[in-house]
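A quick write-up on the structure given underneath.
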Amino acid sequence: MGNAEQIHAKMRASIQNYDAEAAAAAAREAVASGVNLLEAVEKGFAGPIRELGEAFDRMEVFLPQLMLGADAMKAGMAILGESIRAAGGQVASKGTVVIGTVEGDIHDIGKTVVAALLQANGYDVHDLGVEVPAGRFLSEAAAQKADVIGLSALLSTTMLYQRDVLELLRNKGMKEKYFVAVGGAPVTQAWAAQIGADGYARGAYEAVQLLEANRKRWAK
Ligand code: B12
């Protein structure tokens with residue numbers, strides 16, 4: 001097993017063991033050894049968190065385990081994020097992204113993974129957190145001179161707030177200023193088209209590809 005695989009395995013185990021300290025230690029090791037951090041996030045943290053979510057759906061694990069797994073991932077991401085940001089200072093930003101989970105929705109794992117992978121790929125990412133009202137997406141996008149607005153929704157009820165953000169943008173004549181990407185488990189390409197979003201991605205890796213494919217729209 002190569003060095004990178006060994007580190008990915010430690011990261012994976014930390015999530016599977018719900019061990020935040022081990023996740024932080026594995027993340028530190030990833031940074032120190034110079035492995036590709038984007039790949040480490042995907043293979044070491046995003047994969048096992050998704051598997052944990054699926055195990056939860058099958059009722060093989062319970063809510064406390066799910067929360068502890070998420071906490072472990074956050075502890076690791078805090079370290080990787082720092083390092084990714086430091087590296088970002090040396091390369092030109094590919095664009096500014098304002099991302100958050102929409103109003104009424106407290107799910108933040110997927111959105112955090114998307115934010116981290118975008119950051120790892122050279123985007124300047126401002127994570128607004130969860131339960132973000134439509135108006136705040138607009139004010140933060142303006143304040144940060146954003147190119148992209150990312151809207152995450154995990155509930156079929158809160159998906160509707162993605163539409164509200166787009167309606168508010170259109171009502172204020174600001175839609176054309178931003179590339180609006182939507183995502184989250186219940187969100188589909190058809191929903192994105194219905195509400196007039198510019199793009200949809202099924203997962204974090206696809207989110208990076210979506211922005212790469214559309215980058216010329218905001219490149220200066
Ligand atoms: C973890 C979890 C929780 C945790 C959240 C912890 C946290 N800090 O986030 C807790 C326990 C708190 C929770 C609470 C609730 N949950 Co919940 N939860 C989940 C679960 C099991 C996993 C979600 C997750 O983190 N997945 C892992 C991540 C990596 O995947 P992801 O979120 O899909 O994100 C990926 C993509 O969607 C995409 N993506 C995500 N965001 C974005 C944004 C953009 C811009 C783009 C491009 C892409 C993108 O990329 C991500 C990375 O690959 C799902 C089940 C499921 N299958 O989704 C249910 C689920 C979403 N929850 C559900 C429900 C009902 C609830 C509650 C209402 C439960 C309740 N009765 O109290 C509350 C909601 C409270 C609220 N107001 O928000 C339902 C939703 C049903 C529906 N369709 O409406 C689900 C589907 C479970 C189920 N089968 O019933 N939940």
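The values are calculated or read from the model by the stated rules, or taken from the named source; none is laboratory data. The shown structure was predicted, so the numbers you read here are calculated from the model rather than taken from an experiment. Reconstructed Cβ throughout: ideal geometry from the backbone, glycine too, with neighbour counts over all protein chains shown.
Comparison of GLU140, GLU167, GLU131 shows that the only residue that is outside the structural domain of SER83 (by TED's automatic domain parsing) and either touching a Cys at 6+ places or on another chain (Cβ under 8 Å) or over 18 Å from GLY104 (Cα atoms) (or both) is GLU140. Look at (1) within 8 Å of the ligand (Cβ to nearest atom); (2) assigned to a helix (DSSP H, G or I); (3) surrounded by 15 or more Cβ atoms within 10 Å (Cβ to Cβ) and you find that MET67 fails only one, number (3). Comparison of ALA115, ALA120, ALA86 shows that the only residue that is on the phi < 0 side of the Ramachandran plot and at pLDDT 75 or above is ALA115. For first residues located in the stretch 116-134 and under 13 Å from GLY150 (Cβ atoms), partners that are assigned to a helix (DSSP H, G or I) and modelled with pLDDT of 95 or more and lie 6+ apart or on another chain with Cβ distances below 6 Å form the pairs LEU128/GLU140.
Condition check for GLY104 on (1) within 9 Å of the ligand (Cβ to nearest atom); (2) touching a residue at least 12 places away in the same chain (Cβ under 8 Å); (3) outside the structural domain of LEU210 (by TED's automatic domain parsing); (4) over 16 Å from the mean Cα position of the chain (by Cα): one failure, at (3). Return a yes/no flag: does the stretch 21-36 have any residue that is of a type in the set (Lys, Arg), farther than 29 Å from GLY199 by Cβ and not in a helix (DSSP H, G or I). No: the stretch 21-36 contains no residue that is of a type in the set (Lys, Arg), farther than 29 Å from GLY199 by Cβ and not in a helix (DSSP H, G or I).
Filtering ILE99, ILE109 for residues that are among the aliphatic types (A, V, I, L, M), within 26 Å of GLY53 (Cα to Cα) and at pLDDT 95 or above leaves a single hit, ILE99.
The set of residues from the stretch 20-42 being surrounded by 19 or more Cβ atoms within 10 Å (Cβ to Cβ) and not hydrophobic (A, V, I, L, M, F, W, C) comprises just one member, GLU42. For ARG202, the conditions (1) touching a Lys or Arg at 6+ places or on another chain (Cβ under 8 Å); (2) closer than 17 Å to LYS111 by Cβ all hold with the exception of (1). When the stretch 189-213 is filtered for residues that are surrounded by fewer than 19 Cβ atoms within 10 Å (Cβ to Cβ), part of a loop (DSSP other than H, G, I, E, B) and within 11 Å of the ligand (Cβ to nearest atom), the ones remaining, listed by number, are ASP198, ARG202, GLY203.
The residue list LEU117, LEU151 contains one member that is within 11 Å of the ligand (Cβ to nearest atom), under 23 Å from ILE49 (Cα atoms), in a helix (DSSP H, G or I) and not basic (Lys, Arg), which is LEU117.
For the stretch 110-142, which residues satisfy the criterion of being of a type in the set (S, T, N, Q) and under 17 Å from ALA70 (Cβ atoms)?
Going through the stretch 110-142, the residues of a type in the set (S, T, N, Q) turn out to be 112, 119, 121, 139.
Residue satisfying the conditions is THR112 alone.
Being loosely packed, with under 15 Cβ neighbours inside 10 Å and assigned to a helix (DSSP H, G or I) is the filter here; which residues of the stretch 52-64 pass it? Once the filter is applied, which keeps residues that are loosely packed, with under 15 Cβ neighbours inside 10 Å and assigned to a helix (DSSP H, G or I), the stretch 52-64 yields GLU54, ASP57, LEU63, PRO64. Selection within the stretch 1-29: residues that are of a type in the set (Gly, Ala, Ser) and at pLDDT below 95. The member of this set that is farthest from GLN119 (Cα to Cα) is GLY2.
Using the structure shown, decide if GLU60 is of a type in the set (D, E, K, R) and within 13 Å of the ligand (Cβ to nearest atom).
Details: of a type in the set (D, E, K, R): yes; within 13 Å of the ligand (Cβ to nearest atom): yes.
In short, yes.
One residue is enough: does the stretch 76-92 have a residue meeting the conditions within 13 Å of the ligand (Cβ to nearest atom), of a type outside the set (D, E, K, R) and not assigned by TED's automatic domain parsing to the domain that holds PRO133? Within the stretch 76-92 (the criterion being within 13 Å of the ligand (Cβ to nearest atom), of a type outside the set (D, E, K, R) and not assigned by TED's automatic domain parsing to the domain that holds PRO133), the answer is yes, since at least one residue qualifies.
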